[in-house]
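Encoded as structure tokens, the structure appears first; notes follow it.
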Amino acid sequence: MRAVVLHGAKDVKVEEVPEPRLPPGWVRLRIEEVGICGTDKAFYKGTYKPLKIPLIPGHEVSGIVDDVGRGVPKDIIGLRVTSEINISCGKCWFCKHGLRTHCPFREVLGISRDGGMAKYMITPYENIHVINDLSPEEGAFVEPLAAVIEMIYMQPPEPDSMVAILGAGTIGLLSLQVLRLLMPKSIVVITRPNSPKASIARELGANEVLDTNTVFEYVREATPEGQGFDYVVEATGSPEGLDLAVRITRPRGVIAAKSTHGAKVSFDYTLSVVKELKIISSRCGPFKPAIRLIRNGLINVRKLLTLKYPLEKAVEAFERSFRRDVIKIHLTP
């Protein structure tokens, strides 16, 4: 089968590889669409080292079940599904205490085992969610939306909060839409200067769109005593993002950290201590509420899809994904 294979930094090729063998309890998906996410881009840049090389990346997937292993009901063949990405042992302390995504023995699709940038991908039956009523492109947004919901589950903003979102990529704009449902006092999206994504942030409901230069004046003039926002989402995908978040968050405010760029970070630790900030990191999240939000039309994911590329043009797609006007690119095997 044809697959995108990552061999190292800036070393991605589309190759012929063996089809994956299907163990008992697993299913095989014929991939329809797969997203290039921030983690994939960090692998490509070389700032984040995957746990397996060579690797077929990709964990934001939708596909059709076309074969099943022993013990899996055959009536799911032909259904459109998406897959959770963590494959856990089910036996350790973390698994038994509801923390399967932190199982120390887990494998992760597209990170430590082959993922969805291929004609076929295999995944445990227990990881799939049927999404027949969603389109393939909507299905491939379930995983990143679930990650945003996890952020809210771990630390929601207080009622009537002033919220800031650093970054207008996929996670930033999904966060904007989810946080709007909580009816905060205001949501400000902060981008780099002259960002082509600013208009989309406004269209999706941001009260203000500022840049990294104008935000400080806004903080001084529009936040209580000029001290900062109550709740700041750091979704820049940049090592500089956390330091900016610390500077614009009010004392005893919350920073929700979402970037996985893989690089070391330097930030004003003393200022964060003096401000008594709460920095909450979050990762993978629950698929069921993410699917419901898309199904019920509460989250517009189509607005975030910039381009689709055929799998054979994956190298071009990766290069294009770094352009400032791109929010999300999907590959179609």
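The table that follows gives values for the structure above.
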read-out	value
Difference of contour (0.36 nm per residue) and Cα-Cα distance, Ala222 to Cys92	41.9 nm
Long-range amide H partners of Ala164 with built H, under 5 Å	Val188, Tyr231, Val232, Val233
log10 of Debye I(q)/I(0), alpha-carbon scatterers only, for region 141-299 at 0.09, 0.17, 0.20, 0.21 Å⁻¹	-0.25, -0.96, -1.36, -1.50
Cα gyration tensor, region 77-134 - rounded (a/c under 1.5), prolate or oblate	oblate
Whole-angstrom gap from region 60-81 to region 1-46, using each part's C-alpha centre	18 Å
Cα-based reach from Lys303 at 14 Å (exclusive), listing aspartates and glutamates while leaving out same-chain residues under 8 positions away	Glu137, Glu138, Glu203, Asp325
3J(HN,Hα) from dihedral phi, region 105-111, Karplus parametrisation 6.51/-1.76/1.60, rounded to Hz, x for glycine, proline	9, 6, 10, 10, 4, x, 10
Average Cα contact separation per residue, the chain, under 8 Å, 6 or more apart, as relative contact order %	19 percent
Members of Lys49/Lys328; Lys41/Lys197; Lys13/Lys74; Lys41/Lys258; Lys45/Lys258 lying beyond 26 Å, as alpha-carbon distances in this model show	Lys13/Lys74
Cα gyration tensor shape of region 202-292, rounded if a/c is under 1.5, else prolate or oblate by comparing a/b with b/c	oblate
Å² of accessible area per residue within the chain, as computed with a 1.4 Å probe and no ligands counted	45 Å²
Choice from Gly169, Gly90, Gly241 showing the highest fluctuation, given a GNM over the chain with Cα pairs closer than 10 Å	Gly90
Bridge type composition, the chain - antiparallel percent by DSSP, nearest 5	55 percent
Gained length - Arg252 relative to Lys303, 0.36 nm times residue gap less alpha-carbon distance	14.9 nm
Backbone HN-Hα couplings from phi across region 65-70 [Karplus 6.51/-1.76/1.60, Hz, Gly and Pro as x]	5, 10, 6, 9, x, 4
Mean separation of Cα contacts under 8 Å (6+ apart) over length of region 217-330, as relative contact order %	18 percent
Mean shadow area of the chain, taken as a quarter of the surface of its Cα convex hull (nm²)	16.5 nm²
Near-label residues of region 162-180 by backbone N, under 14 Å of a point 7 Å along Cα→Cβ of Asn296	178-180
Amide hydrogen neighbours beyond the local backbone of Glu32, cut-off 5 Å, H modeled	Ser62, Gly63, Ile64
Region 185-227: projected area of the alpha-carbon convex hull, averaged over directions, in nm²	3.0 nm²
Extension gain (nm, one decimal) between Asp268 and Asn207, 0.36 nm per residue minus Cα-Cα	19.1 nm
Fraction of accessible area attributable to carbon and sulfur, the chain (%, probe 1.4 Å)	50 percent
Region 124-162 and region 202-272: distance between their alpha carbon centers, rounded to Å	23 Å
Prolate/oblate/rounded call for region 1-114, Cα gyration tensor, a/c under 1.5 rounded	oblate
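The values are calculated or read from the model by the stated rules, or taken from the named source; none is laboratory data. All values reported here derive from a predicted model rather than from experimental measurement. Cβ atoms come from the backbone with ideal geometry, glycine included; neighbour counts cover every protein chain shown. Areas reflect the complete protein model, heavy atoms only, side chains present, ligands, DNA and RNA absent. Shrake-Rupley method; radii C 1.70, N 1.55, O 1.52, S 1.80 Å.
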